[in-house]
Structures are given as structure tokens and as C-alpha cells.
1. Averaging sequence separations of C-alpha pairs under 8 Å and six or more residues apart, then dividing by the length of region 1-78, give the relative contact order as a whole percent.
2. Of the listed values [x] 16.2; [y] 18.4; [z] 17.0, identify the label whose number matches Kirkwood radius over Cα pairs in Å calculated from this model.
3. How would you order 64-77, 47-60 from highest to lowest mean count of nearby Cβ atoms within 10 Å?
4. Which lysines, on any chain, are close to Lys82 with Cα under 30 Å apart, when same-chain ones fewer than 8 places away are left out?
5. Roughly how big is the chain's charge dipole about its Cα centre, with Cβ charges of +1 (Lys, Arg) and -1 (Asp, Glu), in debye to the nearest 20?
6. Around Thr50, which amide H atoms from residues at least 5 apart in sequence, or from another chain, sit under 5 Å from its own amide H, with H modelled in the peptide plane?
7. At a threshold of 8 angstrom on Cα-Cα distance, excluding pairs fewer than six apart, so keeping six or more, what relative contact order does the chain reach in percent?
8. Take the alpha carbon atoms of region 38-83, find their center, do the same for region 98-137, and report the distance between the two centers in whole angstrom.
Amino acid sequence: MDQKTTDALISLRRIQRRTELYARSLAQSADLSVSQLKVMQLLASHDAATPSELVRMTALSNASITSLIDKLEARGMVGRRKDPADRRKVVLALTETGRDVLKTAPNTLQDHFELLFSNLPEWERSMVVSALERVADIVDSRSEVTDSEPILDVGAFDRAGED
């Protein structure tokens with residue numbers, strides 16, 4: 001394997017590790033998953049949303065949103081009500097408990113990224129987006145990969161980076 005490939009895999013592993021550490025920290029400090037926190041933030045910023053709107057805003061599946069909302073509702077953080085404009089639709093909104101939890105929850109890794117990324121010059125943001133889209137295409141090219149399979153198996157690279 002050439003050095004550029006090794007460097008790329010090490011960088012991907014650093015991103016993956018930071019994301020995992022953030023998720024673990026969030027679970028310990030706020031007892032929330034990253035997806036739960038993001039959905040709560042979206043509900044707070046939009047006052048309310050339908051499940052299908054959340055699917056569009058998060059790129060999560062219908063099943064994932066349903067499961068996530070069920071868990072938040074069971075904990076009293078999200079409530080469901082009929083849409084006054086269309087009684088066939090269900091609208092989701094944060095409860096007072098959900099708002100209180102959101103006030104004390106740490107900022108998301110996404111918020112941190114957005115802040116730093118927005119300060120980059122436009123040309124650099126375009127280059128980063130283009131490179132990340134290409135990396136995502138490369139990683140997604142293995143269609144037989146399952147959700148339970150690690151995206152990157154780079155234990156040797158982790159050890160190499162610790163020298």
C-alpha cells in the first residue's frame with residue numbers, strides 16, 4: 001500500500017474515532033444518542049415536524065425515525081399530536097422535559113464542525129466537500145457491506161500512528 005493510501009486511511013480512522021468518542025460522551029452526559037439529540041434540536045428549531053419531515057432533514061430511514069421518536073416519547077421528551085391543518089398527519093414537538101434536556105445537552109460535533117468549516121474560504125470548502133463526496137463514493141462502492149460491519153478496519157494504522 002502506498003503512503004497516500006495509508007495517510008487517507010489514518011485520517012478516516014481519526015474521524016471515525018472522534019465521532020465514536022463524541023457519541024460515547026454524549027450518551028454518558030445526556031443519556032442521548034447523537035441522532036436523538038439532532039432530532040430534538042430540529043424539533044426545537046422548527047417548533048414541530050412530521051416524521052416524514054424529520055426523515056428528509058436527517059437522512060435517516062422511516063424505521064429509524066419511528067424507533068427514535070418512540071424512545072424519546074417514552075422518556076417524555078417528545079409528544080405527538082394531530083396536525084390541526086390535516087388531521088391525518090401526526091406532528092411531533094418537544095415537551096418541556098425535552099426542552100430542559102436540550103438546554104443542558106452539550107453542543108453536537110456537527111455544531112462544532114459547522115462553526116469551523118464556515119470560517120474556511122469558499123474555495124477550500126468546495127475542495128473539502130468534493131473530496132469527502134469522493135471518499136463517500138469509494139466507501140459506499142462495496143454494496144455487500146452491512147450496517148454491522150465496521151467501515152474501516154485499520155488497527156495496524158492505529159498502531160502505526162502511535163509510534
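1. 16
2. [y]
3. 64-77, 47-60
4. Lys38, Lys71, Lys103
5. Computed charge dipole of the chain: roughly 720 debye.
6. Sorted by chain and number, the residues that satisfy this are Leu92.
7. With pairs under 8 Å counted, the relative contact order is 26 percent.
8. With region 38-83 and region 98-137 each reduced to a Cα centre, they are spaced 21 Å.
Read-outs: derived from the displayed coordinates by stated rules, not from any lab. As the structure is a prediction and not an experimental result, all values here were calculated from the model. Glycine also receives a Cβ, built like all others from the backbone with ideal geometry; neighbour counts cover every protein chain displayed.
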